[in-house]
1. LEU107 - would you say it is modelled with pLDDT of 95 or more, out of contact with any strand residue (DSSP E or B) (no Cβ under 9 Å at 6 or more places or on another chain) and over 13 Å from LEU24 (Cα atoms)?
2. Determine whether VAL62 is farther than 18 Å from LEU34 by Cα and free of Cβ contacts under 8 Å to residues at least 40 places away in the same chain.
3. Examine the stretch 127-147 for a residue that is within 11 Å of the chain's Cα centre (by Cα) and aliphatic (A, V, I, L, M), and state whether such a residue exists.
4. Could you list, in sequence order, all residues of the stretch 104-136 that are outside any helix (DSSP H, G or I) and either crowded, with 17+ Cβ neighbours inside 10 Å or touching a Pro at 6+ places or on another chain (Cβ under 6 Å) (or both)?
5. When you scan the stretch 137-151, do you find a residue that is at pLDDT 95 or above, surrounded by fewer than 15 Cβ atoms within 10 Å (Cβ to Cβ) and in a helix (DSSP H, G or I), even just one?
6. If the Cβ limit is 9 Å and pairs must be 6+ apart or interchain, which residue in the stretch 89-107 that is farther than 23 Å from ILE42 by Cβ pairs with which residue that is among the charged types (D, E, K, R)?
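The values are calculated or read from the model by the stated rules, or taken from the named source; none is laboratory data. These numbers come from a predicted model, not from an experiment. Here Cβ is always computed from backbone atoms with ideal geometry, including for glycine, and neighbour counts include all displayed protein chains.
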Amino acid sequence: MSVQDRPVTTARWRTVDIVTTAVLGVAFGVVFILWNLVNSAIALVPPVSGVMNGVYLVPALVAGLLVRKPGAATFASTLAAAVSLLASPYGGIIVVYGLVQGLGGELGFALARYRRFGWGTAVLAAVTAGLSTSLLDLTLYYPEVSFWGVKVPYTVLTVLSSVVIAGVLGLLLVRALARTGALSSFASGRSRV
């Protein structure tokens, strides 16, 4: 078993875990403000708009992979959504999205029992996060669109976007930060990368 795949030693949150997860949430909230502008300007429609969703799932994946504690994905994702309210064209529902996307990512980490944090878990958490946001979108905004013509392609594009942007790039980001030594207080910073 490689160092990166070793189990979490404790689910107990330390001050550094809370502060780091909060900083991630705020930082990605600012990214969301900018991404919302891009998303609104492009104005893609389903199913193609699913390719834009992966960015919104990054805080959940990065926090889960970096902090490696139950609740980190949900905390970071919900906080990022709350911060993005400062300039969100979507209104208060965005906080519900942050919570659901965080819980979706959390499900992937829970299925891996918070014991493995390599490629498999990153992809699994990205898939569950992508499915959660697709389900919410399709239930709230597109309940009457064609199943095969819109719902299935939208979900596939959202999940693929989530895997590539949040899962793969999220894990690469955590590993790049670990190489700098900035994560030495975390198991993710002590992993062999």
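1. Working: modelled with pLDDT of 95 or more: yes; out of contact with any strand residue (DSSP E or B) (no Cβ under 9 Å at 6 or more places or on another chain): yes; over 13 Å from LEU24 (Cα atoms): yes.
Considered against the rule, which asks whether it is modelled with pLDDT of 95 or more, out of contact with any strand residue (DSSP E or B) (no Cβ under 9 Å at 6 or more places or on another chain) and over 13 Å from LEU24 (Cα atoms), LEU107 comes out as yes.
2. Numbers: farther than 18 Å from LEU34 by Cα: yes; free of Cβ contacts under 8 Å to residues at least 40 places away in the same chain: no.
So VAL62 does not fit the description; no.
3. For the stretch 127-147, residues within 11 Å of the chain's Cα centre (by Cα) and aliphatic (A, V, I, L, M): present.
4. Taking the stretch 104-136 first, the residues outside any helix (DSSP H, G or I) are 112-118.
Matches in the stretch 104-136: ALA112, TYR114, ARG115, ARG116, PHE117.
5. As a first pass, look at the stretch 137-151 and keep what is at pLDDT 95 or above: none.
No - not one qualifying residue is present in the stretch 137-151.
6. none
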